[in-house]
Amino acid sequence: MSDSKAAIGALLKGVVSERKRVRAAGRAWLNFGRPALIEKRDHIFIEHVRSHQGVDSPEQVGNDRADVIAKAFLNKGSKLPPALYLTHSEETFILCHKGNYIQGDIRNFMKSIAKQKMIERWKIKAPRQSEFFLAFPHQVQSQAQDVWRRAAEKGEGNAWLYFIFGTCQMLPTQHRINKHIKDPHARSCLLCLGGAIDNMAHLWVCPAMAGAQSELQMKVDSILQQYFPFASYKLESRQSRLRRQWYIHAKKDLARSIPDNRLVILTQDFWNKNKHKEFIPLNSFYHELLLAIERERNHPNLRWSVRSSFLSILVEEFHLNVEGFATPLSHSNEFQYWCSESAADQEFGALGSFFSYDLSGKNTFGFIQEDDPASAGAVITRTEKFIEASCSSRVLLLLPSTIHHKFITIAHLSGCPLFLNHQDVSNFSLVLAVNKESILTDPINCRLGSRTAERVVSSCSDSRNYRR
Ligand SMILES: [Zn+2]
């Protein structure tokens, strides 16, 4: 009689192969009694009894008796010197590692040691590649099994390669491919053309991957909400809390001078510029905003504002991402970046001045006013400098038709209401300065020029009709 199912299972196996015998858990004891058991198997019948259920049935009495005998031998054995059971009855040698006897399966043991050694070497030789694995060893291993299985099922070997490169932070980003090239622009992202270095960290924030990023975020959110208590209890993010406070603070005093939607854009600009700071004083936004308004008042913004419907067509057709001349209170939402001639505007995220910041590698929109021919020469000289760069650069200029230049003229716009605050405008030209690299990354359709011109004209006449 026995109350141990594991012991019964092990004993019932009878004769086993050498391989199985060596790999059996607790094989020293098991193998000790196995030959005798095999010899007497005809007379032995093993039955399972539930333990400690009383002594009513003969089986229970037997089990109880077996316990008593086992205890007696245990007491007896603990007082005796160690018995040389293993080397006498079974193996003639014992494996020992760092002072520990290896009792279980030697192959598993060797595998675990080899793995440990490999991880240690990996840590030293490639600290960057082992970063994810060391942070999440179990997750990476179980995911590796999952990916391997699915890649094999679908016959997509590349998925498995992608997983390996991904977990080792070795995806072929521009930074990785071109890091030996001295030109800093060789490493910038080709997807968003924002000029940022295209490395693994950029993958998570690249604007061109926004779709995939938000999908990942949604999936993580749904898993959290499904499995964690209180997950539906929403905490307000730092961004949302601070921007709400700034908005309310500024709204109280400046409601009349700044429209609501502009105030929202300003809080966003200020947040983007300061989000890396641990502490942002509550009144710092208001303070900076007052200064910006003051600057605008002292140097009134003489720029005409270009219609946003017109700007959005240009941004879409020419893949623009920088507004060349703007201020915190007037920059367009269509562009990712903007430049301002005032250094103080960098508090609201301005890149710097069109004339001093290096805009090579970006797609910029610039606008020269009719009554400002003096600066036109400087803008054109600066534009020529950008497109001499070896990285893909383009500048789209909206300038009076009378100004001389060497760029491609996309369209002549005469009598169109391009501006919000000026109706009676004479002739303007849309002019594109572009280098060879830029045409390669963002090809320009030859017919696109005329198509754009048509769209522009129709959008302008639409708005004119609307205004009438
Ligand atoms: Zn990017």
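Descriptive notes on the structure:
- Counting the residues of region 177-200 that are among the charged types (D, E, K, R) and away from the ligand (no atom under 14 Å from the Cβ) gives 3.
- Residue within region 274-292 that is basic (Lys, Arg) and within 17 Å of His331 (Cα to Cα) present: no
- Residue within region 226-240 that is part of a helix (DSSP H, G or I), away from the ligand (no atom under 16 Å from the Cβ) and surrounded by 13 or more Cβ atoms within 10 Å (Cβ to Cβ) present: yes
- Every pair of residues 6+ apart whose Cβ atoms lie under 6 Å, when the first sits in region 92-111 and is farther than 16 Å from Glu18 by Cα and free of Cβ contacts under 8 Å to residues at least 12 places away in the same chain while the second is exposed (fewer than 13 other Cβ atoms within 10 Å of the Cβ) and of a type in the set (Ser, Thr, Tyr): Ile94/Tyr101
- Residues that are of a type in the set (S, T, N, Q) and within 14 Å of the ligand (Cβ to nearest atom), drawn from region 201-216: Gln213
- Counted as qualifying within region 120-210 are the helices (runs of 4 or more DSSP H) with 3 or more residues that are more than 30 Å from Lys362 (Cα to Cα) and in contact (Cβ under 8 Å) with a residue 12 or more places away in the chain, namely 131-135, 137-154, 157-167.
- Taken together, Thr409, Thr452 contain a single residue that is at pLDDT below 70 and of a type in the set (Val, Ile, Thr), which is Thr452.
- Looking at region 13-98, the helices (runs of 4 or more DSSP H) lying wholly inside it that each contain 1 or more residues that are modelled with pLDDT of 80 or more sit at 27-39, 58-79.
- Selected residue [assigned to a helix (DSSP H, G or I) and of a type in the set (Gly, Ala, Ser)] from Ala326, Ala350, Ala376, Ala389: Ala376
The values are calculated or read from the model by the stated rules, or taken from the named source; none is laboratory data. For clarity, every value in this text was computed on a predicted model and none was experimentally measured. Glycine also receives a Cβ, built like all others from the backbone with ideal geometry; neighbour counts cover every protein chain displayed.
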